[in-house]
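> Here you go, one structure.
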Amino acid sequence: MTILLLAEHDNASLKDATARALTAATKIGAGVHVLIAGHQCRTAAESAAKLEGVAKVLLVDAPAYAHSLPEPLGALLLSLAPTYDVLLAPSTSSGKNVMPRLAALLDVMQVSDMMAVIAPDTFERPIFAGNVIETVRSKDAKKVITVRTTAFSAAANRTAGAAPIEALNAVADPAISSFVGEELSKSARPELTTARIVVSGGRALQSHDNFVKYIEPLADKLGAATGASRAAVDAGYVPNDWQVGQTGKIVAPDLYVAIGISGAIQHLAGMKDSKVIVAINKDEDAPIFQVADYGLVADLYQALPELAAELGKLGR
Amino acid sequence: MKILVPVKRVVDFNVKIRVKPDGSGVDVANVKMSINPFDEIAVEEAIRLKEKGSATEVVCVSIGPPQAEETLRTALAMGADRGILVGFDGEMEPLAVAKILKAVATEEKSDLIILGKQAIDYDCDQTGQMLAALLGWPQGTFASKVLIEADGLTVTREVDGGHQIVKLKLPAIVTADLRLNQPRYVSLPNIMKAKKKPVAKKALEAFGIDVRPRLEILKMAEPPHRKAGVKVASVAELVKKLKTEAGVLQ
Ligand SMILES: Cc1cc2nc3c(=O)[nH]c(=O)nc-3n(C[C@H](O)[C@H](O)[C@H](O)COP(=O)(O)OP(=O)(O)OC[C@H]3O[C@@H](n4cnc5c(N)ncnc54)[C@H](O)[C@@H]3O)c2cc1C
Ligand SMILES: Nc1ncnc2c1ncn2[C@@H]1O[C@H](COP(=O)(O)O)[C@@H](O)[C@H]1O
């Protein structure tokens, strides 16, 4: 069994999603190769080489791969595919973008959002907003998989040594797409999908200013990442990359605090695997209380300042 | 420019689905079905491009059972020009859907195909990317803005860290994300008008494409249910429980 994992990185550092997808890969088979495709990305390759379970790192450093455009990256993956039985990537926005493209080029049906390895050809994945788990056996000779990273813990660093790094050449760019620009949210807070604590706000926050005034101080006190419901994102209170849910980000922190969020199935799909869920909502019948470990029926505009003060007493 | 919009008939987003007791599948008997919400956004975008004069025709295609004609009629009532229904009973995998769509797009000489980013039933998020690969076209997935220019298409994409903007050569694939637009409501007169718009019915066999599933479904099950916890009476009690009972405020 030969396995290739497409790494998630920003050219400088390796994303935690990679180490989690690596754990999934090692459950399928041993001796995983990790592909770092990017531009001026050697440090990311060096980080990957230090992960437990990595047998080799393939480094392809070229401007065409700087922004993970799926047309050149798909062509590169296709050129590497003949020697691998399994090709996988974390279910990040770039993994979800390129892997199906690769799968179609290989005439393979992808297993999306794989959350458990039952056998090297048999996997579990969530469907219908996580309300159903299907177990599927892939009949394709090669497997193409995206990994739900919240379902796997991150692979550890090796205690000593590093896997070899092999530099490979770029392949021809189909030259049908180009990068124009990006607007990335800047935040000093932990990254939403891997944070230990997440504080999310919903439509009840009513404005961007209220997110700043009520959600952010609480997040600061808890050292938490910030999230939101679709309603809050659609209304423009917070950026799109805060959306938690079926069609947003999947999170599973130790503590998830849902504030003024009703608990629609699409939202629950993104957070119901959190270890502890707290809900603050003024409607005692809000569906969010059906999944909350601790529910507080209260007006958030009163409860949040109080909560900040209580946490302050704990020295936070 | 001719735009093709694939639309899927799915279980309505408000329905909480149940697994059949024998685990062989989900129970969709007497369940409300709707156009996949992302496909509604895709249809809206195509119609807006036509209204702006960037497109000449909007054709919608659905692969599904006879009732999928209702889904096409919804798209026609929004303003699409005509529909194509490829008959198929059951759940077709994205790879096979993409192969059929490739044949339809080739026959229709489509210049732009706008799909939904994901069907909210099987949550695959694959078809648009697969179709792009099979056609050898570029892809602008998870789009929140689409601009047609003389030399191609500029697409703003929702990505994990925010937004990415890419330029694509035409013909191209776009997949719609939630913030691309707010679909219009259909008026009664438009629903009536849509009944007269043409829907061509095509037999799957005519395509000569092997659509047999590659993933064998061994089992379907509901995940373990989370049980509701307790209601606390005050903020102070909440903090106390989080610290001592849940142990999440170390
Ligand atoms: C295709 C599709 C995809 C979707 N994907 C997602 C997704 O990924 N993520 C997602 O979140 N949603 C998603 N949704 C939307 C989802 O269905 C809900 O509409 C959305 O989650 C509702 O957001 P909300 O809970 O903030 O708003 P609401 O449902 O309006 O709830 C607001 C809550 O705030 C409470 N409240 C009001 N005022 C106060 C106050 N002062 N103090 C305390 N509580 C108060 C109310 O009691 C209510 O429960 C999707 C929908 C569709 C159709
Ligand atoms: N049976 C189908 N008929 C028409 N379009 C489909 C079908 N299945 C998927 N699609 C399109 O592909 C998109 C993504 O679906 P999926 O890859 O299944 O998540 C949908 O939003 C539709 O635009």
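The values are calculated or read from the model by the stated rules, or taken from the named source; none is laboratory data. Everything quoted here is computed from the prediction, not taken from an experiment. Using ideal geometry, Cβ is built from the backbone for each residue, glycine included, and neighbour counts are taken over all protein chains shown. Ligands, DNA and RNA are excluded from the accessible area calculation, which covers all protein heavy atoms including side chains. Shrake-Rupley method; radii C 1.70, N 1.55, O 1.52, S 1.80 Å.
> Show which aspartates and glutamates lie in cross-link reach of B:K196 when reach means a straight Cα distance below 12 angstrom and same-chain residues fewer than eight apart are skipped.
B:D81
> Restricting things to alpha carbons, find the Rg to Rh ratio for chain A using the Kirkwood radius for Rh. Walk me through the numbers before you get to the answer.
Working: Rg = 20.8 Å, Rh = 20.7 Å.
Taking Rh as the inverse mean 1/r over Cα pairs, Rg/Rh reads 1.00.
> Pop a pseudo-label 7 angstrom from the Cα along the beta-carbon direction at both B:R18 and A:A309 and give the gap in nm to one decimal.
Each label point lies 7 Å from its Cα, and together they span 4.8 nm.
> As an exercise, use a Förster radius of 35 Å and the Cβ-Cβ distance of A:M1 and A:A188 to find the FRET efficiency, rounded to the nearest 0.05. Mind showing how you got there, number by number?
Values: r = 42 Å, r/R0 = 1.19.
Working from the Cβ atoms, E equals 0.25.
> Relative to the present Cα-Cα distance, how much length would full extension add between B:E222 and B:E245 at 0.36 nm per residue of separation?
Working: separation 23, 0.36 × 23 = 8.28 nm, distance 2.85 nm.
Answer, rounded to one decimal: 5.4 nm.
> What does the accessible area per residue of the protein assembly as shown come to in Å², with a 1.4 Å probe and no ligands, DNA or RNA counted?
Values: 22630 Å² over 566 residues.
Dividing the accessible area of the protein assembly as shown by its residue count gives 40 Å².
> From the mean inverse distance of alpha carbon pairs (Kirkwood) and the Cα radius of gyration, derive Rg over Rh for the protein assembly as shown.
Values: Rg = 23.5 Å, Rh = 24.4 Å.
Value, to two decimals: 0.96.
> Now a separate question. What is the diffusion coefficient of the range B:131-208 in µm²/s, taking the Kirkwood radius over Cα pairs and the Stokes-Einstein relation at 4 °C with a viscosity of 1.567 mPa s? Write down the numbers at each step before the final one.
Numbers: Rh = 15.4 Å.
Stokes-Einstein gives a translational diffusion coefficient of 84 µm²/s.
> Separate question: Relative to the longest principal axis of chain A, what angle (0 to 90°, nearest 10) does the C-alpha long axis of helix A:93-105 take?
Tilt relative to chain A: about 40 degrees.
> For the interface of chains A and B, what total accessible area is buried with a 1.4 Å probe, rounded to the nearest 100 Å²?
Protein heavy atoms only, the A-B interface buries about 7100 Å².
> What's the long-distance tail for the range A:194-298, i.e. % of Cα pairs beyond 22 Å? Don't jump to the answer; show the numbers that get you there.
Values: 919 of 5460 pairs.
For the range A:194-298, the fraction of Cα-Cα distances above 22 Å is 17 percent.
> Where the accessible area of chain A is counted over protein heavy atoms with a 1.4 Å probe, how much of it, in %, is carbon and sulfur?
Numbers: 5810 of 11610 Å².
Looking at chain A in its full context, I get 50 percent from C and S.
> Can I ask one more? Ignore the peptide's own chain and count Cβ atoms of other chains within 10 Å of each Cβ in B:130-136; give me the average, rounded.
Numbers: counts 10, 3, 9, 12, 4, 1, 4.
Rounded to a whole number, the mean comes out at 6.
> Then there is this: Work out the mean other chain Cβ neighbour count within 10 Å for the residues of A:62-68 and drop it here as an integer. Could you put the intermediate results ahead of the total?
Values: counts 0, 0, 0, 0, 0, 3, 2.
Other-chain Cβ atoms within 10 Å of each residue's Cβ, averaged: 1.
> I've got another one for you. If you wrap a convex hull around the Cα atoms of chain B, how much volume per residue is inside, in Å³?
Details: hull volume 48.6 nm³, N = 250.
Considering the Cα atoms of chain B, their hull volume per residue is 194 Å³.
> Run the accessible area of chain B with a 1.4 Å probe and give the carbon-and-sulfur part as a rounded percent. Don't skip to the answer; put the middle values down first.
Details: 6030 of 11030 Å².
Carbon and sulfur together cover 55 percent of it.
> Given A:K50/A:K143; A:K272/B:K243; A:K249/A:K275; A:K143/B:K169; B:K52/B:K167, which pairs have Cα atoms separated by over 23 Å?
Numbers: A:K50/A:K143 26 Å; A:K272/B:K243 21 Å; A:K249/A:K275 17 Å; A:K143/B:K169 30 Å; B:K52/B:K167 20 Å.
Going by Cα-Cα distance, A:K50/A:K143; A:K143/B:K169 fall outside the 23 Å limit.
> Mind jotting down a quarter of the surface of the convex hull over the alpha carbons of the range A:37-137, in square nanometres, one decimal? Let's see the in-between values first.
Values: hull surface 29.4 nm².
Across all orientations, the range A:37-137 yields a mean hull projection of 7.4 nm².
> Plugging the Kirkwood radius over Cα pairs into Stokes-Einstein for the range A:139-185, at a temperature of 20 °C and a viscosity of 1.002 mPa s, what D comes out in µm²/s? Walk me through the numbers on the way to the answer.
Working: Rh = 16.9 Å.
After rounding, the answer is 127 µm²/s.
> Further question on the same structure: Calculate the spin-label point distance for A:V180 paired with B:E149, positioning each point 7 Å from the Cα along the beta-carbon direction, and give it in nanometres.
Result: 0.6 nm between the two label points.
> Find the centroid of the Cα atoms in the range A:63-100 and in the range B:113-186, then give the distance between the two in whole Å.
Their Cα centres are 18 Å away from one another.
> What is the distance in Å between the Cα centres of the range A:24-45 and the range A:161-200?
The range A:24-45 and the range A:161-200 have Cα centres spaced 13 Å from each other.
> With runs of 4+ DSSP H residues as the only contributors, calculate the mean residue ellipticity of chain B at 222 nm using -39,500 (n - 2.57) per run, divided by the residue total and rounded to the nearest 500. Display every interim value, and only then the final one.
Working: 6 runs with 69 residues, N = 250.
Dividing the helical sum by the residues of chain B leaves -8500 deg cm²/dmol.
> What does the highest-first list of A:83-94, B:221-232, A:300-311 look like by mean Cβ count within 10 Å? Numbers along the way, then the final one.
Details: A:83-94: 21.9, B:221-232: 13.6, A:300-311: 18.5.
So the peptides A:83-94, B:221-232, A:300-311, ranked by packing, come out A:83-94, A:300-311, B:221-232.
> Given just the C-alpha atoms of the range B:1-107, how large is their convex hull per residue in cubic angstrom?
Numbers: hull volume 10.9 nm³, N = 107.
Convex hull volume per residue, Cα atoms: 102 Å³.
> May I ask what percent, to the nearest 5, of DSSP beta bridges between residues of the protein assembly as shown are antiparallel?
Values: 41 of 114 bridges.
Counting DSSP beta bridges with both partners in the protein assembly as shown, the antiparallel share is about 35 percent.
> If you wrap a convex hull around the C-alpha atoms of the range A:61-111 and split its volume per residue, what is the figure in Å³?
Values: hull volume 4.1 nm³, N = 51.
With only Cα atoms used, the range A:61-111 gives 80 Å³ per residue.
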